[in-house]
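Comments concern the structure below.
The values are calculated or read from the model by the stated rules, or taken from the named source; none is laboratory data. Only a predicted model underlies this, so the values are computations on that prediction, with no experimental measurement involved. Cβ: placed from backbone, ideal geometry, glycine included. Neighbour counts: every protein chain shown. Heavy atoms of the whole protein, side chains included, go into the accessibility calculation; ligands, DNA and RNA do not. Shrake-Rupley method; radii C 1.70, N 1.55, O 1.52, S 1.80 Å.
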Amino acid sequence: MAINLRSFFSGPEWAEVSIPDWFKERAEALIGQLGDDNPDAQVFKDILVAGRIELEAVMRADELAGTTQNPDVFLLAIDIATHGFTVLQMIAQMVPWREKAA
């Protein structure tokens, strides 16, 4: 089943999506389970190094979620997208809307 996680990240370019507190522990445990050289682990390692969730990482997580057979990898990719969506939704609510002049 293909999932378009990128659709969650259509917010403003200036909106930075930081990694949630729970991510580091889960990612490190999963990386340890998969092994440092596992290609699935690389997405999560890159997010840890960056300290934020960038669009490129989301695109890679999207691909990974659609192809992995590992339920833990799938769930972490989905949780990353959900976190990003929540952050961007909160940011969008803070941006004031202006009506066009007639």
Consider only pairs whose beta carbons are under 7 Å apart and that are at least six residues apart or on different chains; among these, list those whose first residue lies in segment 29-42 and is at positive phi and whose second residue is surrounded by 15 or more Cβ atoms within 10 Å (Cβ to Cβ). G35/A41
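Quick one: count up the residues across segment 15-72 that are assigned to a helix (DSSP H, G or I) and either more than 24 Å from Q93 (Cβ to Cβ) or open to solvent by less than 90 Å² (accessible area, probe 1.4 Å) (or both).
Within segment 15-72, residues that are assigned to a helix (DSSP H, G or I) and either more than 24 Å from Q93 (Cβ to Cβ) or open to solvent by less than 90 Å² (accessible area, probe 1.4 Å) (or both) number 38.
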Inside segment 56-93, can you point out the residues that are under 14 Å from V17 (Cα atoms) and touching an Asp or Glu at 6+ places or on another chain (Cβ under 9 Å)? E56, A57, A81, V87
Which numbered condition in (1) modelled with pLDDT of 75 or more; (2) under 19 Å from V17 (Cα atoms) is the only one that A29 fails? (2)
